[in-house]
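*Asks:* Dumping the structure here so I can ask a few things about it.
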Amino acid sequence: MSFKYLIVLGLLILSRFGLEGQSLDSLESIKNYALENSTEYKRVLLDVAIARNQLDGILNLDETSFSLSTDSDEDEDWTSTAAVSLPLIDQLGFSGSINNDASGSLGLSFSPLTHSDSREQLQINYDVALLLAEETAVLTENKALSAVLNWMTYSQQLAVQEEIVTVKETVYRDQKIRYEAGEATLDDVRDDLVDWTEARTALSNMQVLLRAGESELLQTLGTSLDAAGIEIISTEDLMSDLDNLKKSITPESANPSSVYDVTSSYKNVERSEHTLSNTWIFDPEVNMTGSITIPLGSSSLSSDTLEWEAGIEFVFSLDDWQGKEKELNRQDLELSRLESKQAEMESRLNLQQVLITLETSQQNSTLAELEMEQSRELYDEALFLQEAGEYSSAETEDARLLYEQARVNYFDMLAEEYMAWRALMPYL
């Protein structure tokens, strides 16, 4: 998983300048743009890098320290000492030093009761950071795609509604002329005026929705429409993207335990388990040390030339009795397990709702497609009747706009189904 995110991070860096001024004419380019410009996603990627940098290896070689010191005595003789401390593991370490007179020493320290779960805790932190980065990437893409598809739908609906207002106004004015000529009743004029008024009201509502959609788009992508260069995709392209998405997702494989809230709760349980096992009821210290000193002027290593010393230390205090801490940690573990079960149960309910929404969106898309096909047939029939002299141009135009409305509604339903499918991705 870490290798995967190194690749993602590398691609984002390489594409940093390539996305500037790029025309966002596909859903794929919108996803890439969203990830590139999301401060939230950049933050979690940085958290992954920080957590990775904090990981400890099996050996504590990175804690090796070096020192250099100089001293002088009353005879103004200067001595210099270079020393190194080399911890290998938590319980074992080596040290060494050498003086300017070529004498030196080697030391060994062994603390058999020393224990820590810091390595395991840091690994859990890293795992959680990766899990959060994975879900944040999906949610960032979904948020951007939802905002863009909503804006595309509103834009198309507004364009159609503007045409409807124009047609309704023309019908109303023509009806007034017919009324003045005695060919229509006053009720006919009033009905057409109501239709025109309702069309203008619907247009105002569409304009409000579009402004809200643009605002959402601005907040999501962090840029203006002109700067981003977003283009409305065709219904055919949306259908193609939806088909490709369906091929990559199997609803039956959706797992409520795959979302971050659940996986992170599992990690919290693991964290509490390590903390409990690392808490001893009695936690004293036992330190064993040994050193060998090589005297000045020694030309060979033998028992006669080497000086050595060894020691053992046993230290404890009242704070080393941790029965209360262990009991508190046990309670924390039980609570973590309970929270994990609750998170999984909530995720299971959420997944059921996502699957219901997906099924509903598929049904809506099918119905919208049928309505579009029927309105297309009615429009074709209107064209035929107009050529036969039985339909006016206004009636034919009205049929065309009904078809355009049905087409935009089909686009809207496809967009909803597309997002319903993507809502499953955190559960995979």
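The values are calculated or read from the model by the stated rules, or taken from the named source; none is laboratory data. Source: prediction; values computed, not measured. As a convention, Cβ positions derive from the backbone with ideal geometry for all residues, glycine included, and neighbour counts pool all protein chains shown. Accessible surface is based on the protein model in full, side chains and every heavy atom, while ligands, DNA and RNA are left aside. Shrake-Rupley method; radii C 1.70, N 1.55, O 1.52, S 1.80 Å.
*Asks:* Between LEU242, LEU203, LEU217, which is aliphatic (A, V, I, L, M), modelled with pLDDT under 95 and open to solvent by less than 60 Å² (accessible area, probe 1.4 Å)?
*Replies:* Matching residue, one of LEU242, LEU203, LEU217: LEU217.
*Asks:* Taking PRO426 as meeting all but one of (1) within 19 Å of THR170 (Cα to Cα); (2) surrounded by 20 or more Cβ atoms within 10 Å (Cβ to Cβ); (3) not aromatic (Phe, Trp, Tyr), write down the number of the exception.
*Replies:* Answer for PRO426: the failing condition is (1).
*Asks:* Within the stretch 150-200, how many residues are of a type in the set (Ser, Thr, Tyr) and either open to solvent by 50 Å² or more (accessible area, probe 1.4 Å) or in contact with a Ser or Thr (Cβ under 7 Å, 6 or more places away or on another chain) (or both)?
*Replies:* Here the count works out to 6.
*Asks:* Would you confirm whether or not the stretch 342-361 contains a residue that is over 29 Å from the mean Cα position of the chain (by Cα), surrounded by 14 or more Cβ atoms within 10 Å (Cβ to Cβ) and at pLDDT 95 or above?
*Replies:* no
*Asks:* Is there any pair with a first residue in the stretch 389-411 that is assigned to a helix (DSSP H, G or I) and a second that is open to solvent by 50 Å² or more (accessible area, probe 1.4 Å) and β-branched (Val, Ile, Thr) whose Cβ atoms are under 7 Å apart and which are 6 or more apart or on different chains, and what are they?
*Replies:* ALA394/THR170
*Asks:* Scan the stretch 399-410 and tell me whether some residue there is among the small types (Gly, Ala, Ser) and touching an Asp or Glu at 6+ places or on another chain (Cβ under 6 Å).
*Replies:* yes
*Asks:* Quick check, is ARG407 at pLDDT 95 or above and under 41 Å from the mean Cα position of the chain (by Cα)?
*Replies:* Answer is yes for this residue.
*Asks:* Still on this model: May I ask you to verify whether ASP90 is on the phi < 0 side of the Ramachandran plot and more than 48 Å from the chain's Cα centre (by Cα)? Steps first, answer last, please.
*Replies:* Working: on the phi < 0 side of the Ramachandran plot: yes; more than 48 Å from the chain's Cα centre (by Cα): no.
No.
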